[in-house]
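Q: Okay, handing you the structure first.
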Amino acid sequence: QRKLAEAALQDWETLNSTQLGVKAAFALTWSELDLVAQQLGIFLSLFSPVQILWDLVVRMTTGGGEAENQQQRQLIWSEDELNAAKNQLYGRNLLQLVEERAGYYKIHALVRWFLQAQLADAGEMKLVLETTFATAMIAFAQILPGSPTSEQIESIRDIVLHLEDLGKRIIAEIKEAKEAQIISLASVLSDEVICVFVGITRFYEGQGLYKLAEPWSEECVNVCQSLFAGDYPDVATSLNNLALLYNSQGRYSDAEPLLIEALAMTKRLFAGDHPDVALSLNNLANLYDSQGRYSDAEPLLIEALAMRKRLFAGDHPDVATSLNNLANLYESQGRYSDAEPLLIEALAMCERVLGVNHPNTATIRENLAILQRHIWLRRLGQFVQILLAILILPLSLLWRLAKKLIRN
């Protein structure tokens, strides 16, 4: 009754009677918490509510220091402060244990609703909490594996859910903002936004879960185009990434216009030679190669190789990759004599730069071995044809002579 009487709770136009009662009950409990427990509760509302790994919360809020070149300080608590605050939340049923998973906690939907309302009213602390969460999630997104093992999937899938929640908030914030207001998001620097969507897409795509990856890759394009008017590197990257996802599904007609647009944009952004231009050339060429459009792919691969040789004097992994790609194109056309010297050069370069046991070196070595087997089989076939010709020719002459004698 005391809490219901507060003026802040009398907004009956937006809260129904059930919500009003819930808010009043939580507010009474809320007032009994100390400041750190309140801030921790608000911080936890940024997570996906079902599975929150406590060790992750500790890592996100106890490391680092003051972030340079940021307007707001990153939130830093001691582990003892965190555990004491967690115990307060748990003791008042604002935080619950996940019984089947040790070290995990969950927040009831109504509790989360209340905590997010507190976040909205947290003033300057709101930005500090959101920035701390977003910074940690972006760092995590940048190290998500592209081809996760089953063990990795098990250990990080719950964290990906929190990353997805951040992505949804970014999408919602952009949709709500007017075009003139979208300069930078509240908790995420504009240039870092793409990392959230790329990380989620890479996690699902690496498992072959294209239907889960696709909406995040498409949203990445929409978000980047909303944040950056006209030509911008992140826009080109998002177009390339979505096209590659389509390409991996055999959706070539969907991928091609995106790759063409990305290449044109990259060329406008970077006059002359640039690694991003070479990469875009290579991506479009690979699409054409996948379709058997070799005459369209070849000039792009040649241009990409020449550009990388100008960009990187001497040995470089990107040059070796271009040599390998062009060789593979020639091999697909049966042009083995054109392909072999390129693969020999690529292998020697990789061995010098990356070492003989590097995965890229091993791949090119295998490509060369396969090509040389094809060359050997072709030469064997040619030898057999010559041998047969040598054997058949005398027999043919004898047969014509016999027919002549018979006629006589």
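Q: Only one of Val188, Val160 is among the β-branched types (Val, Ile, Thr), at negative phi and either in contact with an Asp or Glu (Cβ under 8 Å, 6 or more places away or on another chain) or at pLDDT below 90 (or both). Can you tell me which?
A: So the residue among Val188, Val160 that is among the β-branched types (Val, Ile, Thr), at negative phi and either in contact with an Asp or Glu (Cβ under 8 Å, 6 or more places away or on another chain) or at pLDDT below 90 (or both) is Val188.
Q: Which of (1) free of Cβ contacts under 8 Å to residues at least 24 places away in the same chain; (2) buried (at least 19 other Cβ atoms within 10 Å of the Cβ); (3) not aromatic (Phe, Trp, Tyr) does Ser155 not meet, given it meets every other one?
A: Every listed condition holds for Ser155 apart from (2).
Q: Name every residue in the range 222-239 that is open to solvent by less than 10 Å² (accessible area, probe 1.4 Å) and in contact with a Leu (Cβ under 8 Å, 6 or more places away or on another chain), in order of residue number.
A: Residues of the range 222-239 that are open to solvent by less than 10 Å² (accessible area, probe 1.4 Å), as a first pass: 223-224, 235-236, 238-239.
Matches in the range 222-239: Ala236, Leu239.
Q: Sticking with this one: Quick check on this structure: which one of Leu311, Leu269, Leu300, Leu242 is of a type outside the set (Phe, Trp, Tyr), touching a residue at least 24 places away in the same chain (Cβ under 8 Å) and buried (at least 21 other Cβ atoms within 10 Å of the Cβ)?
A: Checking each option against the conditions leaves just Leu242.
Q: Is it the case, given these coordinates, that Ala117 is at pLDDT 90 or above, surrounded by 15 or more Cβ atoms within 10 Å (Cβ to Cβ) and closer than 25 Å to Leu163 by Cβ?
A: So Ala117 does not fit the description; no.
Q: Right, another one. Answer with yes or no whether Asp34 is over 16 Å from Ala109 (Cα atoms), at pLDDT 90 or above and open to solvent by 60 Å² or more (accessible area, probe 1.4 Å).
A: Numbers: over 16 Å from Ala109 (Cα atoms): yes; at pLDDT 90 or above: yes; open to solvent by 60 Å² or more (accessible area, probe 1.4 Å): yes.
Yes: the conditions hold for Asp34.
Q: Across the range 83-114, what is the number of residues that are among the small types (Gly, Ala, Ser), part of a helix (DSSP H, G or I) and surrounded by fewer than 20 Cβ atoms within 10 Å (Cβ to Cβ)? Please lay out each step first, then the result.
A: Kept after step one, since they are among the small types (Gly, Ala, Ser), are these residues of the range 83-114: 84-85, 91, 102-103, 109.
From the residues that got through so far, the ones that are part of a helix (DSSP H, G or I) too are 84-85, 91, 109.
Then keep just the ones that are surrounded by fewer than 20 Cβ atoms within 10 Å (Cβ to Cβ); that gives 84, 91, 109.
Residues that pass the stated criteria total 3.
Q: Still on this structure: Please specify each residue of the range 283-297 satisfying the condition of being touching a residue at least 24 places away in the same chain (Cβ under 8 Å), open to solvent by 30 Å² or more (accessible area, probe 1.4 Å) and in a helix (DSSP H, G or I).
A: Residues satisfying the conditions are Asn286, Asp289, Ser290, Tyr294.
Yes/no matrix, rows are residues, columns are (1) assigned to a loop (DSSP other than H, G, I, E, B); (2) over 30 Å from Thr135 (Cα atoms); (3) at pLDDT below 65:
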residue	(1), (2), (3)
Trp12	yes, yes, yes
Thr18	no, yes, yes
Leu28	no, yes, no
Gln39	no, no, no
Pro49	yes, no, no
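Q: Which pairs do you get when a residue that is more than 12 Å from Leu301 (Cβ to Cβ), found in the range 327-340, comes within reach of a residue that is of a type outside the set (Ser, Thr, Tyr) and not in a helix (DSSP H, G or I), reach meaning Cβ atoms under 7 angstrom, with the pair 6+ apart or on two chains?
A: Close Cβ pairs (under 7 Å, with a partner that is of a type outside the set (Ser, Thr, Tyr) and not in a helix (DSSP H, G or I)) do not exist here.
Q: Okay, next question. Output the residues belonging to the range 264-282 that are in contact with a helix residue (DSSP H, G or I) (Cβ under 7 Å, 6 or more places away or on another chain), assigned to a helix (DSSP H, G or I), within 19 Å of Arg310 (Cα to Cα) and not basic (Lys, Arg).
A: Those that are in contact with a helix residue (DSSP H, G or I) (Cβ under 7 Å, 6 or more places away or on another chain), assigned to a helix (DSSP H, G or I), within 19 Å of Arg310 (Cα to Cα) and not basic (Lys, Arg): Thr266, Leu269, Pro275, Asp276, Val277, Ala278, Ser280, Leu281, Asn282.
Q: State all residues of the range 353-368 that are open to solvent by less than 60 Å² (accessible area, probe 1.4 Å) and within 18 Å of Leu326 (Cα to Cα); if no residue qualifies, say none.
A: Matches in the range 353-368: Thr361, Ala362, Ile364, Asn367, Leu368.
The values are calculated or read from the model by the stated rules, or taken from the named source; none is laboratory data. Everything numeric in this text was worked out from a predicted model, so none of it was measured. Neighbour counts run over all protein chains shown; Cβ positions are idealised from the backbone, glycine included. What goes into the accessible areas is simple: the full protein's heavy atoms, side chains included, and nothing from ligands, DNA or RNA. Shrake-Rupley method; radii C 1.70, N 1.55, O 1.52, S 1.80 Å.
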